[in-house]
Amino acid sequence: MKRSPAILKNRRGGGLGFAAIAYIGVDYLRFISPAWHDRLQPALWTILAIAAIIRVPFYKHWSSELRSAIPFIFAMIFLLSALLFEAISVRSVTAVLGLEWNSDASPLPDVGQWLVLSLNEKLPQTVVNILRARIIGLHHFLMLFIMLAFSVLFESVEAPGLGLGARFMFTMGIGRLLRAITFISTILPSARPWCASARFLVPQHPHPWAQKYYVPYATDSNAIRNVINWDTAYADPGEYDPEFRPDWGSMSFLIDFLRPTAPEGSSAWYHLLKKASGGCNDLIYSGHMLVAVLTAMAWTEAYGGYSSALIWIFVIHSAQREIRERHHYSVDVVVAIYVGIMLWKMTGLFWPMKDQSKATRLRRLEKIQGRLMRAAKDDDIEEIRELLKEVEVSSHVRENSSSKAMWLFSGGTIIFTLSMVLLAFTLTSDG
């Protein structure tokens, strides 16, 4: 008998997959019927939140969640630090060359963009409309992962949920650091030349570093040949307007990277780093696609089922939209897909956040294996029952020994994670 692929085998029922599809479908109603969207979306979130809260008293793995709390907090701090470094780097790569270069630089030739335009001419219009539709975005993938982590309450995925969340954030932090290091290494022009002027308020001219080391050798082939042969920045950079330098105190070292202008130079802090909006240069690789791929990998590994295949279809749909709408070049999308897959597999090799209750019971069974064998040979059913009961009771001793602390922890965890859901939904609703 032929076995079906593992990706199509979900762990426990299809309730999580149904909830995910309902969430995506209801949210897409904003484009089809805004009135129904306004009615159904709050109702859906209310139902899901109430269902999760009702399940809290029946959840049996709070001790496992407690052991995962510290790694979860450290993973969150690591991710926030990586996002801060990325936000500074995003603005820096646009600011260093100035708005004039960003507006005049021609986009790179992209075979993926050519392919998309070619398919528009060959595919039926209905298919093209589906490919153009904004079915799923960044905030959807974040919410799908949050739903996956919460599903431990319904035993849809293996506990602990905080362990799964910690691994996701840790992997995301590594991915974001690698991404920032990659795109600051070589500055590439945007696929949308008007983006920098519309989004950033930085000087028109390049930074003195770029004036000396890049501009004189950017277009003149003889100058490029000479700088290669002499290995010295020999050309006169010319005269430019002086740089604006606000008094940022201990943060003044960031002035050369962020290049603030007089209208926006006052800190607090730098208007919360300009609210960390996306960049305009080509930022290889795509951060949106990294989130999408990590969500799909987590869903496939923890839950499986046909819903995992559907999420991978959403990933591919998002990938072609990133190229179609020229948010990224094709290389950014391709690299994000295989980097996301490899990072998730890599962290899976050493990530320890698994529920230890099964391992504990197995170790206990190994200790009483000889007694079980003797009881079985003697047909002593009562002895077998007592031994198995002893194993089960021993696995719950730690769980029940501090029930009050567990109740406090469980309540705090639910309040904290629901707050994170609201923040993520609010701060990423525009993708």
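Rolling a 1.4 Å probe over the protein heavy atoms leaves ASP231 with an accessible area of roughly 130 Å². Short to long, the 10 Å bins of the Cα pair-distance histogram for region 98-141 hold 21, 29, 33, 16, 1 percent of all pairs. At full extension, ILE50 and ASP104 could sit 14.1 nm farther apart than now, given 0.36 nm per residue minus the alpha carbon distance. Ranked by solvent-accessible area (1.4 Å probe, protein heavy atoms only, all chains present), the residues THR186, THR261 order from largest to smallest as THR186, THR261. Only protein heavy atoms count here; on that basis, with a 1.4 Å probe, TYR23 has an accessible area of about 0 Å².
Cα centroid separation, region 145-160 to region 176-250: 47 Å. Would you mind classifying region 93-172 by shape? Square roots of the alpha carbon gyration tensor eigenvalues, ordered a ≥ b ≥ c; an a/c under 1.5 is rounded, otherwise it is prolate if a/b is larger than b/c and oblate if not. Judged from the Cα gyration tensor, region 93-172 comes out oblate (a/c at least 1.5, b/c at or above a/b). If you average the sequence gap of Cα pairs under 8 Å that are 6 or more apart and divide by the length of region 7-151, what percent do you get for the contact order? Relative contact order here is 39 percent. Of the listed residues GLU239, GLU301, GLU322, the order by accessible area with a 1.4 Å probe, largest first, is GLU239, GLU301, GLU322. Any chance you could tell me what percent of the C-alpha pair distances in region 165-230 go past 14 Å? Taking all Cα-Cα pairs of region 165-230, the fraction more than 14 Å apart is 76 percent. Once both labels are positioned 7 Å from their Cα atoms along Cα-to-Cβ, the gap between PHE253 and TYR213 label points is 1.7 nm. How are the alpha carbon pair distances in region 208-265 distributed across 5 Å bins from zero to the largest one, expressed in percent? In whole percents, the pair-distance histogram is 4, 17, 21, 15, 12, 13, 10, 6, 2.
With contacts taken as Cα pairs under 8 Å and at least 6 residues apart, region 100-194 reaches a relative contact order of 57 percent. Of the whole protein surface, ILE53 contributes about 90 Å² of accessible area at a 1.4 Å probe radius.
The values are calculated or read from the model by the stated rules, or taken from the named source; none is laboratory data. The model shown is predicted, which means the values in this text are computed figures rather than measured ones. Cβ sites come from the backbone with ideal geometry, for glycine too, and all protein chains shown count toward neighbours. Side chains included, ligands, DNA and RNA excluded: accessible areas come from the protein's heavy atoms. Shrake-Rupley method; radii C 1.70, N 1.55, O 1.52, S 1.80 Å.
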